[in-house]
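Any read-out appearing in this document is the output of simple, stated calculations on the displayed coordinates, not a laboratory observation. Being a predicted model, the structure only gives us computed values, none of them experimental. Cβ atoms come from the backbone with ideal geometry, glycine included; neighbour counts cover every protein chain shown.
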Amino acid sequence: MNRIAIDLHYLPSIEFFAAIANAEELLIFPKDLYQRQSYLNRTRIRLANKVETLSVPIIGRRPKLPMDQIRIDYEQKWQAIHLRGLQSAYGKAPFFEFFFPYIKDVIESEEVRLWDLNQKLLTICLKLLRLPVKIAVFPEKEISPDVQDIRAQIEPGRPFSERDFYQPISYPQLFGVNFEPNLSILDLLFCTGPEAGKILRESIKKQ
């Protein structure tokens, strides 16, 4: 069985899904520590004039806590900002009206913990991409040698070109002349719909 250990990102990037597209099982780890300046609570979308980062605010400035103890800060109106941002970015995309309600329902679900929000969104994205990948919550940090462990590898500090997961395959985007690679998987879903899975598999970096 092809098993991959992965971090639980917020609305993950195309690179994330290229990395796990051939997996039969994803291992996720609630006791891994939250990392600042990571994709655990942020994603990137394309607006008319720029690429925008959407961040989920958390309680505590520098919490050194396990992921399943990170609480979302609802004092900040992040849900409205994210939903409005997605509407502005993709409201005219061909498949926005079909996919957006699934995402909206999860974002509005008032999950207390970042872990639960991210897990729900990952489950929905896998379903919309039609990827038959099982998710297994792994309470221990140690894993068997047969598991491919790519935790902490997909992070904002290094360009995706330095990693072994993703090669950009262009597809029609709403804004801009030049193709912008490796945005949130929502960019691919909203713009290409049922073709998203095929484009994703073509985006897997050849070894």
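Laid out as a table, the results:
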read-out: Long-range HN-HN contacts of I135 with modeled amide H, under 5 Å; value: L26
read-out: Point-charge dipole on Cβ atoms (K/R +1, D/E -1) for the chain, about Cα centre, debye to 20; value: 400 debye
read-out: Karplus-derived 3J(HN,Hα), 6.51/-1.76/1.60, for each residue of the stretch 106-112, Hz, glycine and proline x; value: 6, 4, 8, 6, 6, 4, 6
read-out: Under-14-angstrom lysine pairs by C-alpha in the stretch 3-202, whenever the two are 8 or more apart or on separate chains; value: 4
read-out: Peptide ranges 73-81, 127-135 listed from the most packed, as the mean C-beta count within 10 angstrom indicates; value: 127-135, 73-81
read-out: Gaussian network model of the chain, springs between alpha carbon atoms under 10 Å - residue of V56, V177, V137 with greatest fluctuation; value: V177
read-out: Inter-site label distance for K141 and S55 at 7 Å from Cα along Cβ, in nm; value: 2.6 nm
read-out: Per-residue [θ]222 nm for the chain (sum of -39500 (n - 2.57) over DSSP H runs n ≥ 4, rounded to 500); value: -9000 deg cm²/dmol
